[in-house]
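Structure first, commentary second.
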Amino acid sequence: MKINENHLNLKESYLFPLVASKVAAYQERHPGEKIIKLSIGDVTLPLAPVIIEAMHRAVDDMSKGASFKGYGPDATRYGYPNLIDSVAAAYARKGVSLGREEIFISDGAKCDLGNILDIFSEDNVVLIPDPVYPAYVDANIMAGRKILFSCATEENGFLPMPNDEIKADIIYICSPNNPTGAVYTKEQLRAWVAYARSNDAVILFDAAYEHFVSDPALPRSIFEVEGAKECAIEISSYSKTAGFTGVRCGYTVVPKELERGGVSLNRLWARRQTTKFNGVSYITQMGAAAVFTEEGERQIAANIAYYRENAKMIAGCLDALGIWYTGGKNSPYLWMKCPEGMTSWQFFDYLLENAKVVGTPGSGFGRSGEGFFRLTAFGTHENTAEACRRITELLGNAKS
Ligand code: PLP
């Protein structure tokens, strides 16, 4: 027996453990001091009432023989038709028409962002933005795939564009981006679609944060770009949209038009999922189906507005200090340049020691993240306001 030796090439994930151990060490040295975490990547508000009510009803269904549900329906790969239809209706509102067979209900985006690789050859070269959500890189290292990076920098606004000299087969795009909060315009996505089409590549578009896009001119789906259905798969989630990080539900769209080597990728993914996946619980799916109802949309909009307000507070603080950043307007993340040429970890220590505020060092998301720092809007208004006051006092005084 031989193990998959590709796993030995994975780097130890030190970012969040190191952040936690530095915070714990500071707290031990300063018991009673209030530390504020602008590093939270998880949602904090509870599920909207409309979702809870739908889940309660589904639990009741499970208690009666007539409405009890076992495995999900085979015909729709274990997704319940009312949920699939609500996803399709949400796409229709973005001007994207999808059939039921193109929407696969998942247990969240992270699983599908890695699992989708099963349908691609290990010889494919993958192009991943740097910095980015670390799961893309690790999933491809596990598969032994060659990885190229498209560097996001201050110069390109942390939105790297295609380079015709680079030949890639699989392209990850995350917009709005984690960690940078940067969002591609339709024009920019058009360039990626054109690149993918001319290189016979497939784009894996991570739309986990699409509901944070408030500017109507910005795209929330790759399929808003003409021609994308022939070269892209979209992976999305209810996690950040509706607080499902613990409930677990998402969806992946594999268009019927998407073929490579004369083979339908939709067919390959359907076969993969019905072999290695057995669906998402009925109770969860009924909760998710409530998200895109009229009342559901209204209630989740209120939660997102709460986080947006925090992002606006942080953006206002950085603007007043004259600090360069991306994100915060159409994203829960703000990606700031560390002041005075500090490295990401130097700034982490400086902020913790002097303002008792915690963020996430940008270098932990990739080499191009060095010198940058991620702040998030997932805290409470009170803590966010207090963190902004402390940052302003510290960095404002350092300047004057
Ligand atoms: N994609 C991005 C860019 C993320 O930041 C995250 C989680 O933070 C995920 C996917 C994972 O989403 P899910 O909870 O649906 O697995």
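The values are calculated or read from the model by the stated rules, or taken from the named source; none is laboratory data. Because the structure is a prediction, the values reported are computed rather than measured. As a convention, Cβ positions derive from the backbone with ideal geometry for all residues, glycine included, and neighbour counts pool all protein chains shown. Please note that ligands, DNA and RNA were not included when accessible areas were found on the heavy atoms of the full protein model with its side chains. Shrake-Rupley method; radii C 1.70, N 1.55, O 1.52, S 1.80 Å.
Before moving on, here are some points about what is shown:
- Each Lys and Arg adds +1 at its Cβ and each Asp and Glu adds -1 at its Cβ; summed about the Cα centre, the chain shows a dipole of about 440 debye.
- Sequence of Thr185, Thr275, Thr284 when ordered by accessible area, the most exposed leading, probe 1.4 angstrom: Thr275, Thr185, Thr284
- To the nearest ten degrees, helix 265-276 and the longest principal axis of the Cα atoms of the chain are 90 degrees apart.
- Cα-Cα over 27 Å, subset of Lys64/Lys276; Lys64/Lys110; Lys167/Lys256: Lys64/Lys276; Lys64/Lys110
- Two-site label geometry, Lys34 and Val59: point separation in nm, points 7 Å out along Cα→Cβ: 3.4 nm
- The fraction of accessible area contributed by carbon and sulfur in segment 50-293 is 51 percent, rounded to a whole number (1.4 Å probe; ligands and nucleic acids excluded).
- Estimated at the nearest 10 Å², the accessible area of Met62 is 60 Å² with a 1.4 Å probe.
- Our note on the geometry: Cα centres of segment 358-400 and segment 182-240, 28 Å apart.
- Antiparallel DSSP beta bridges within the chain, as percent of all bridges there, nearest 5: 50 percent
- Segment Met142-Ala75, extension gain: residue separation times 0.36 nm, minus the distance between their alpha carbons: 20.9 nm
- For segment 320-400, applying the loop criterion from DSSP together with a ceiling of 12 other beta carbons within 10 Å to the chymotrypsin sites (Phe, Trp or Tyr not before Pro) yields Trp324.
- Principal-axis tilt of helix 49-62 within the chain, Cα atoms, nearest 10 degrees: 40 degrees
- Helix 186-199 vs. the chain, principal-axis angle (Cα, 0 to 90°, nearest 10): 60 degrees
- Exposure of Cys174 as accessible area (Å², to 10), given a probe of 1.4 Å and all protein chains: 10 Å²
- Accessible surface, the chain, averaged per residue in Å² (probe 1.4 Å): 44 Å²
- Segment 259-279-segment 57-121 distance, computed between alpha-carbon centres (Å): 15 Å
- Ordering Ser368, Ser198, Ile84 by Cα displacement along the dipole of the chain toward the positive end leaves Ile84 in first place; charges were set at the Cβ atoms of Lys, Arg (+1) and Asp, Glu (-1).
- Inter-label distance for Arg389 and Ala194, nm, one decimal - labels placed 7 Å from Cα along Cα-to-Cβ: 5.1 nm
- Whole-number percent relative contact order across the chain, with pairs defined as alpha carbons under 8 Å at least 6 apart: 23 percent
- Stokes-Einstein D in µm²/s, Kirkwood radius over Cα pairs - segment 50-293 at 4 °C with 1.567 mPa s viscosity: 70 µm²/s
- Extending 7 Å from Cα along the Cβ direction at Leu45 and again at Leu8 yields two label points whose distance is 4.9 nm.
- Orphan Cys of the chain, criterion: no other Cys C-beta under 4.7 Å: Cys111, Cys151, Cys174, Cys231, Cys249, Cys338
- The solvent-accessible area of Glu187, taken with every protein chain present and a 1.4 Å probe, is close to 120 Å².
- Listed residues Lys22, Lys276, Lys256, Lys11 arranged by accessible area, highest first, probe 1.4 Å: Lys11, Lys276, Lys256, Lys22
- Taking all protein chains together and a 1.4 Å probe, the residues Arg100, Arg29, Arg374 rank Arg29, Arg100, Arg374 from largest to smallest accessible area.
- Candidates Ala315, Ala385, Ala217: whichever shows maximal mean-square fluctuation once the chain is modelled as a Gaussian network with Cα springs under 10 Å: Ala217
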